[in-house]
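To start, the structure itself, in structure tokens.
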Amino acid sequence: MDISITRRHLTDKEHAREMVQDVVTKLVTRYGGSYRWVGDWAHYRFTGMTANLGFDEQQVTVEIKLAATMKVLKSTIEKAINDYMDKRGFS
């Protein structure tokens with residue numbers, strides 16, 4: 001993975017799912033693409049990027065694979081996700 005972020009959460013699974021839903025919705029809005037849920041994982045696809053966002057009782061995980069053409073955006077994407085998680089109180 002080009003980007004792998006795991007953060008602890010101090011909330012229930014319902015709120016963790018809402019956070020993951022919000023992140024994947026922001027990815028679709030900003031970059032396009034589509035996603036689908038499989039269990040507790042949202043699988044996002046866009047030309048040049050695939051992401052798996054999941055959660056359990058203790059943590060939220062974001063894993064992103066970037067095509068060569070998208071690697072220039074790695075730090076921007078990683079910072080945006082970390083900033084969002086910081087604002088939502090995930091440690």
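Could you please find all residues in the range 46-72 being assigned to a helix (DSSP H, G or I) and of a type in the set (D, E, K, R)?
Residues of the range 46-72 that are assigned to a helix (DSSP H, G or I), as a first pass: 68-72.
Within the range 46-72, just K71 meets the criteria.
Quick one: how many residues across the range 1-18 are among the basic types (K, R), surrounded by 13 or more Cβ atoms within 10 Å (Cβ to Cβ) and touching a residue at least 40 places away in the same chain (Cβ under 8 Å)? Explain how you work it out, then say what you get.
Of the range 1-18, the ones among the basic types (K, R) are 7-8, 13, 17.
If we keep only those that are surrounded by 13 or more Cβ atoms within 10 Å (Cβ to Cβ) as well, we get 7, 13, 17.
Still in the list and also touching a residue at least 40 places away in the same chain (Cβ under 8 Å): 7, 13.
Count: 2.
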V24 passes all but one of (1) within 21 Å of K87 (Cβ to Cβ); (2) without any contact (Cβ under 8 Å) to a residue 24 or more places away in the chain; (3) in contact with a strand residue (DSSP E or B) (Cβ under 6 Å, 6 or more places away or on another chain); (4) not charged (D, E, K, R); which number fails? (2)
Among the residues of the range 19-47, what is the count of those that are on the phi > 0 side of the Ramachandran plot and either surrounded by 16 or more Cβ atoms within 10 Å (Cβ to Cβ) or basic (K, R) (or both)? 1
Hits in the range 1-36 - residues which are in contact with a His (Cβ under 8 Å, 6 or more places away or on another chain) and part of a strand (DSSP E or B): Y35, R36
Return only the number of the condition from (1) modelled with pLDDT under 90; (2) under 10 Å from the mean Cα position of the chain (by Cα) that K87 does not satisfy. (2)
Hey, can you tell me all the residues within the range 19-41 that are at pLDDT 90 or above and either of a type in the set (D, E, K, R) or farther than 27 Å from M70 by Cβ (or both)? R36, D40
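The values are calculated or read from the model by the stated rules, or taken from the named source; none is laboratory data. Fair warning: this is a prediction, and the values are worked out from it, not measured in the lab. Here Cβ is always computed from backbone atoms with ideal geometry, including for glycine, and neighbour counts include all displayed protein chains.
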